[in-house]
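The values are calculated or read from the model by the stated rules, or taken from the named source; none is laboratory data. The model shown is predicted, which means the values in this text are computed figures rather than measured ones. Please note: Cβ atoms are built from the backbone with ideal geometry, for glycine as well, and neighbour counts cover all protein chains shown. Each accessible area value is taken on the protein alone, full model and side chains, heavy atoms only, with ligands, DNA and RNA left out. Shrake-Rupley method; radii C 1.70, N 1.55, O 1.52, S 1.80 Å.
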Amino acid sequence: MVQSLKGKTAFVTGAGKGIGRAIALALANEGVNIGLLARTETDLKETISRAEGLGVKAAYAAVDISSLTDVEQSVKKLTDELGAADILINNAGIGKFATLLDMDPEEWKRIIDVNLMGLYHVTRTVLPQLIEKNRGDIVNISSTNGLNGAATSSAYSASKFGVIGLTESLAQEVRKNNIRVTALTPSTVATELAIKTNLIAENNDEKYMQPEDIAEFVVSQLKLHQRIYVKQASLLATNPF
Ligand code: NDP
């Protein structure tokens, strides 16, 4: 029997656009209160305005997740406004691609600082709330680049392989607390990130997966009976050729 998500609270990182926004809105559509994190305040406000009328509470905090102390303050703000989280969606991330030697060392480090350290910062801050409830869900967005390396993806792949390692380890730590920790490894999704990194053309071709497709999967996964969880799932476009 599927479980209803209505009345739960989810914190979603990178909820200002792309996959994060789609997941936040899909959750709100299920009656979930949403706490949104990203750097750009105008984007977060836009997500909140799109959730208006769905009858849920929404709050946001503008934050760069690469700073642990800033994350701690932001999560406190969301918790003060919405209460403790039941669901954490670790989605925020950046994508930059160049050969190991061509990429500036600061840029290489920045990808790790956001995609891996940022995810760790948010998880470390929110996890005690789930443990306290003795129940919860964490969904970490990795990538196909977290399963396979490719020329020009050393930093991105290192960060996304790291996300899978963190996910698998944490999942084993917190199963006894009824907390399900999942890693998703999508292939190309039609978002700003994919356009900026030349993975897709600007025409947002329907043959590619859309952010709403990933959101639909996440909602259905969260609705599974609490006794079962998805350890890892690869999501691919059926016919992108
Ligand atoms: P977008 O660029 O569309 O959105 C990324 C979101 O993350 C934005 O809201 C952005 O907001 C936020 N973000 C970026 N850096 C930070 C930061 N330092 N602190 C807080 N928030 C941050 O990307 P996608 O929706 O495409 O990507 C979402 C996730 O999915 C990423 O982890 C990405 O690696 C992963 N992914 C994407 C794929 C794709 O093809 N699009 C495929 C597989 C995985 P702001 O800039 O305002 O901070």
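Note on the range 224-239: residues that are hydroxyl-bearing (Ser, Thr, Tyr), farther than 17 Å from Asn177 by Cβ and within 20 Å of the chain's Cα centre (by Cα) total 1. Taking every residue in the range 23-51 that is within 11 Å of the ligand (Cβ to nearest atom) and pairing it with any residue that is aromatic (Phe, Trp, Tyr), at least 6 positions away or on another chain, the pairs with Cβ-Cβ distances below 6 Å are Leu36/Tyr60; Leu44/Tyr60. When the range 137-151 is limited to residues that are closer than 23 Å to Gln172 by Cβ and within 12 Å of the ligand (Cβ to nearest atom), the one that is most open to solvent (accessible area, probe 1.4 Å) turns out to be Leu147. Of all residues in the range 199-236, those that are at pLDDT 95 or above and acidic (Asp, Glu) total 3. For Ile94, the test of being part of a loop (DSSP other than H, G, I, E, B) and not small (Gly, Ala, Ser) is passed. Every test in (1) more than 15 Å from the ligand (Cβ to nearest atom); (2) closer than 26 Å to Leu5 by Cβ is passed by Ala183 save one, and that test is (1). Can you tell me which residue in the range 193-228 is farthest from Leu25 (Cα to Cα), limited to those that are touching a helix residue (DSSP H, G or I) at 6+ places or on another chain (Cβ under 9 Å), part of a helix (DSSP H, G or I) and away from the ligand (no atom under 12 Å from the Cβ)? Residue satisfying both the conditions and the ranking: Leu222.
Look at Lys76 and say whether it is away from the ligand (no atom under 11 Å from the Cβ), basic (Lys, Arg) and touching a helix residue (DSSP H, G or I) at 6+ places or on another chain (Cβ under 6 Å).
Here the answer is no, as Lys76 does not meet what is asked.
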